[in-house]
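Encoded as C-alpha cells, the structure appears first; notes follow it.
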Amino acid sequence: MKLKVYTVNSFAKTLEGGNPAGVVIDADSLSDESMKSIAGAIGFSETAFVMKSESAHFKVRFFTPEEGVDLCGHATIATLAPISKD
C-alpha cells in the first residue's frame, strides 16, 4: 500500500520555524496500530491521519507513536496544507 505522507511546520514564518506534524492522506484502511507505527516512523510528537467521513468533507484522527489523542491543534492546522494542494 502506498501512502501520501507530508511533513508540515504549522505556525511557521520560515521553513525552520513552527511546530512540525506529520499528515497522512487516505488513511481509511489503516489500523490504530499501523497509525501508531507510522507516527513513530515520521518522528514528530503527533501525526494527523485524514479519512473519509459520512457526515463531513473528511475526518482526522491524531496519533503519537504510543497512542491516539483526541485533538492536536498544530496537526489540525498542518492537515489543511496538503488537502488544499490535492
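Sort out which residues of the range 9-41 are in a strand (DSSP E or B) and either exposed (fewer than 14 other Cβ atoms within 10 Å of the Cβ) or of a type outside the set (S, T, N, Q) (or both), and write them in order of number.
Within the range 9-41, 20, 21, 22, 23, 24, 25 qualify.
Of a type in the set (Ser, Thr, Tyr), under 17 Å from residue 6 (Cβ atoms) and either in contact with a Gly (Cβ under 9 Å, 6 or more places away or on another chain) or without any contact (Cβ under 8 Å) to a residue 12 or more places away in the chain (or both), is that true of residue 64?
So residue 64 does not fit the description; no.
Please tell me if residue 79 is buried (at least 19 other Cβ atoms within 10 Å of the Cβ) and in contact with a helix residue (DSSP H, G or I) (Cβ under 6 Å, 6 or more places away or on another chain).
For residue 79, the condition - buried (at least 19 other Cβ atoms within 10 Å of the Cβ) and in contact with a helix residue (DSSP H, G or I) (Cβ under 6 Å, 6 or more places away or on another chain) - is not met.
Among the residues of the range 1-40, write down those that are under 19 Å from residue 67 (Cα atoms) and of a type in the set (D, E, K, R).
Residues satisfying the conditions are 28, 32, 33, 36.
If you scan the range 24-33, which residues turn out to be touching a Phe, Trp or Tyr at 6+ places or on another chain (Cβ under 9 Å) and farther than 13 Å from residue 4 by Cβ?
Once the filter is applied, which keeps residues that are touching a Phe, Trp or Tyr at 6+ places or on another chain (Cβ under 9 Å) and farther than 13 Å from residue 4 by Cβ, the range 24-33 yields only 32.
From the list 63, 44, 49, which residue is open to solvent by 40 Å² or more (accessible area, probe 1.4 Å) and touching a helix residue (DSSP H, G or I) at 6+ places or on another chain (Cβ under 9 Å)?
Testing whether each residue is open to solvent by 40 Å² or more (accessible area, probe 1.4 Å) and touching a helix residue (DSSP H, G or I) at 6+ places or on another chain (Cβ under 9 Å) leaves just 44.
The values are calculated or read from the model by the stated rules, or taken from the named source; none is laboratory data. Bear in mind that the values here come from a model prediction, so they are computed numbers and not experimental data. Cβ coordinates were reconstructed from backbone atoms using ideal geometry, including for glycine residues, and neighbour counts include every protein chain displayed. Only protein heavy atoms, including side chains, enter the accessible area calculation; ligands, DNA and RNA are left aside. Shrake-Rupley method; radii C 1.70, N 1.55, O 1.52, S 1.80 Å.
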